[in-house]
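All remarks here apply to the structure that follows.
The values are calculated or read from the model by the stated rules, or taken from the named source; none is laboratory data. Values in this document were obtained by computation on a predicted structure and should not be read as measured data. Here the Cβ positions follow ideal geometry from the backbone for every residue, glycine too, while neighbour counts run over all protein chains shown. Only protein heavy atoms, including side chains, enter the accessible area calculation; ligands, DNA and RNA are left aside. Shrake-Rupley method; radii C 1.70, N 1.55, O 1.52, S 1.80 Å.
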Amino acid sequence: MKQLLVRWGMACSVVVAMAGCGGGGGDGGNVQPPSSVAVNSAIATASALAANDTAINSAAPFTAVQAAGVPVVTVNSPPKVNFTVFSDGAVKTGLVITNVSFAIAKLVPGANGNPDQWVNYIYRKETAAAGVGPGTPGVPVLASAMQATTDGKQTDAALLAAQLVYNADGYYTYTFKTDIKGVAQTNGVVFEPALTHRVAIQLSYKNAAGADVKVNPYFDFTIGADGKSVPVTDPAKTRKMTDVTSCNGCHEKLALHGGGRVDTQFCVMCHNPGTTDANSGNNLNLATMVHKIHAGKLLKSAVGGEDYTIWGYGNSKHSYAEVGFPQDLRNCTVCHSGANPKTPQGDNWKTKPSKEACLTCHANNSGSAWEVSHKLIAGIFVGAGAQAKDLPNQQCVRCHESGVVSAERVHFNQVEVNAAKYKMNIESVAFNDTADHTARSVTVKYFLSDPTNGNAAYNLVTSECTGTAPAIACANTTKFGNLRFYLAFQNMVGQPGGTTEFSAYNNGGSSANAYAYKGTNDGNNHFEVSIPVPDDTATSVAKGTARVVSIGQIKEHKLSAISTGDPRPEVVVDGAPVLVNTLVQHTYKELALTGTLLPRRAIVSNEKCSVCHGALGATSGSNTLANAFHGGARNTVEACVVCHDANRMSSTIMTNGMALNESYQFKRMIHGIHGNSKRVYPFTHGNKVVGAFGKDGLLLSDGVTPMTTGTENYAAEVAWPGVGINCNACHVNNSYKTDMGTLGAVVQKDAGVTDPNLWKVISPKAATCTSCHDSSAAIAHVTKFGGATFGDKTQADVALPRESCTDCHASGGVKGVDTVHGQK
């Protein structure tokens, strides 16, 4: 195997820094190969560095070999690839051919406005099955289509044995089956050694702990005159548009095609313009496919849109019409950013527009807004009778290049961008008690500031308001007229102590609020307002720790996204400005009404919600502010729990056949919405029909009867995007391990019963678990073995007998909650 090191440049003597030698392009005649001892020592030294473990450093398999003086790729016939694998501080030996799949592609520079594109050298033909395709009955769009793929395994036993060989110096050599120099084997793709190339591996193995490791190491290079690879070190000479860590923010770990393809830099090897789905006729270029998948719901609902569908392995149909990006689609930087050193082309969306990218989120078929607005342009620049889609990418660049009507400018997201200008600040809160505990209040001192202007304080009473103090009135259409403070507190008689659990809002406490503009201005735009605390009653007694939260949005005049001038002009319709709900950086502050301060526990965080949702409350899966929850007014989890307390029973009927209302307690509602993949029956909003329904919204007993018209069926629209169940994707401090809730979730109120202690509930721990595990078997388990109740006992009776879930499911127990959820 040492003969493989023929005609190589001088070896690097030190590999610890993992710097490439840049070899492979020398004269090839006068230099000597590195000694076997030097190669072995260099690779062994590199393997000992924890930072080089292949599980976390996908570059190391190639850079270590390169730095040791061994060419990574040689193309003098079928390509040969030298690589190593580091695991647990040593070289991983024992890999066999089934542990690897290789892909190789070249980067073809774009011309005339067309983007650079990876072009694979290896293809297979997909033949569409009869009767599988769009329409009823289904008809394939194409009889067959070519699709880029990975290198095939040798069928000859001797060749197969030699396809992957381990060299004693600490690296493997893989020999391609495909000779990429022969166009007969590459679907006509011509080998161009001077272009940037990439070789990538679908690699899987087990580490010392027995865990499966699946990674996609890749190496970018050109080919020298001697047929050996020269590493590409200039970021401008590759194409890296997105970093998989951006995908993993929502998806936890991108894992497709059986779980082995985990890096977008591998995805582009096959998902490029040379790959088409025969059944649908859709091109599977990564930019086109991924954008259309994430915009599926918007595309389906738009005029001139489409039902983006792909027929995959085994003729399985995948329609993405219910997929909605969980934040505003204009937030391109979620996936694409040139500021990330791993994505040097991340800002291409700003400067290099193309139909392949832009016409994926923008509906563009006949009648669409884009088609109507661009058809005239096509007639001018392409010719009479030209269709909008006939416009070349060159024309796209001319109109939408940086500095003109660029993509960055027209993707202006006022709702979130201008949120930087509004921050609510609570300076102090104080409880004002009285001798007879009536006419009480909480005084709040606060100001709304502009962080972009030295935190200058706004006057919350604008010229749009009417009247004079103390009778000022600011309608909800005025700029600051929606800003408000709510007081959350505990008020259930007999409510357990030791844990702060807000319960007042749905027990007579919803009136504990005050509009921010009604406060007294101290002359410097710092305000003071009083929030009334409802008088105690026989069924409600204010006590314990309370929380003041700010809510509401700024009513800004909508600014034009397509204007080329600054400041952007306002959008005016029928002589009146259009209003838009701009977010506020809201806050909260806690105080004690009785006893000592006991802050409510932190369970989830806004930051974790925002990883997927961008700005909580700003949009929804339909990608429009109009359908965002509460119009963007409530965008912090600290505010959510104020209204969505244990007493928050909805008018929606459960879909499991039980004549119970669904609880919209925050924990149950959020798990129910996001956990539909684990549920048997759908979590919904608006269903009034009693019966057991399938996730398709139809009664299971007949498969025909639908839920109430207009029902929001979250099972059809929301899917947890993670590969597994990572509880800490949302939870902080491992809070999922211990449910500290003290109140059951209300699911039934008998007629005339106003005492919350007499409302029927699901006991606290069961309310959490059955929000995802909702089968009849699961409910039977928690009630028969766990001491739980499911709508058959009142709040007053729920503590007897106690829920015994933790006897088995406490972390570290026989069936610990962390273990059964696959947590590490």
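Summary of computed values
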read-out: Under 13 Å from the L700 label point (7 Å along Cα→beta-carbon), backbone N, the range 662-692; value: 679-683, 691-692
read-out: Hz values of 3J(HN,Hα) by residue in the range 691-704 - Karplus curve (6.51, -1.76, 1.60), Gly and Pro given as x; value: x, 8, 10, x, 5, 7, x, 10, 4, 5, 5, 10, x, 10
read-out: Point-charge dipole on Cβ atoms (K/R +1, D/E -1) for the range 340-464, about Cα centre, debye to 20; value: 460
read-out: Environment charge of Q490, counting only residues whose C-beta is closer than 11 Å and scoring Lys/Arg +1, Asp/Glu -1; value: +1
read-out: Long-range amide H partners of K228 with built H, under 5 Å; value: V75
read-out: Chain lengthening between V689 and N521 when straightened (0.36 nm per residue, less Cα-Cα); value: 55.4 nm
read-out: Carbon and sulfur %, accessible surface of the range 720-770 computed with the full protein complex present, 1.4 Å; value: 55
read-out: Cβ-placed point charges (K, R +1; D, E -1), dipole of the range 40-137 about Cα centre in debye, nearest 20; value: 280
read-out: 10 Å binning of all Cα-Cα separations within the chain, expressed as whole percents from 0 upward; value: 2, 11, 18, 20, 19, 15, 10, 4, 1, 0, 0
read-out: Pairwise centroid distance, computed over Cα atoms, of the range 248-267 with the range 339-392, Å; value: 28
read-out: Estimated Rh, the range 341-412: Kirkwood, alpha-carbon pairs, angstrom; value: 12.9
read-out: Dipole of the range 392-485 [Lys/Arg +1, Asp/Glu -1 at C-beta], most positive-end residue of P451, Y422, V405; value: V405
read-out: Coil-residue trypsin sites (Lys or Arg not before Pro) of the range 541-627, DSSP, other Cβ within 10 Å capped at 14; value: R601
read-out: Spatially proximal lysines relative to K589 (Cα-Cα < 28 Å; intrachain offsets below 8 disregarded); value: K421, K423, K445, K479, K518, K543, K555, K608, K667, K737, K765
read-out: Positive-pole candidate from F502, T63, A618, dipole of the chain, charges at beta carbon; value: T63
read-out: Residue-count net charge about G787 - beta-carbon cut-off 15 Å; Lys, Arg +1, Asp, Glu -1; value: -1
read-out: Positive-pole candidate from L800, S701, V718, dipole of the range 674-824, charges at beta carbon; value: L800
read-out: Alpha-carbon gyration tensor eigenvalues x 5, square-rooted, for the range 565-674, Å; value: 32, 22, 14
read-out: Within the chain: Cβ-based charge dipole about Cα centre, in debye rounded to nearest 20 (Lys, Arg +1; Asp, Glu -1); value: 980
read-out: Apportionment of accessible area to carbon and sulfur, the range 630-681, percent (1.4 Å); value: 59
read-out: Inter-part distance where the range 691-733 and the range 788-820 are each reduced to a Cα centre, Å; value: 24
read-out: Accessible area per residue, Å², the range 524-585 with all protein chains present, probe 1.4 Å; value: 45
read-out: Those lysines that a straight Cα-Cα span of less than 25 Å connects to K389, excepting residues fewer than 8 apart in one chain; value: K292, K297, K300, K350, K352, K355, K375
read-out: Lysine pairs within the range 142-266, Cα separation less than 29 Å, 8 or more sequence positions apart or different chains; value: 26
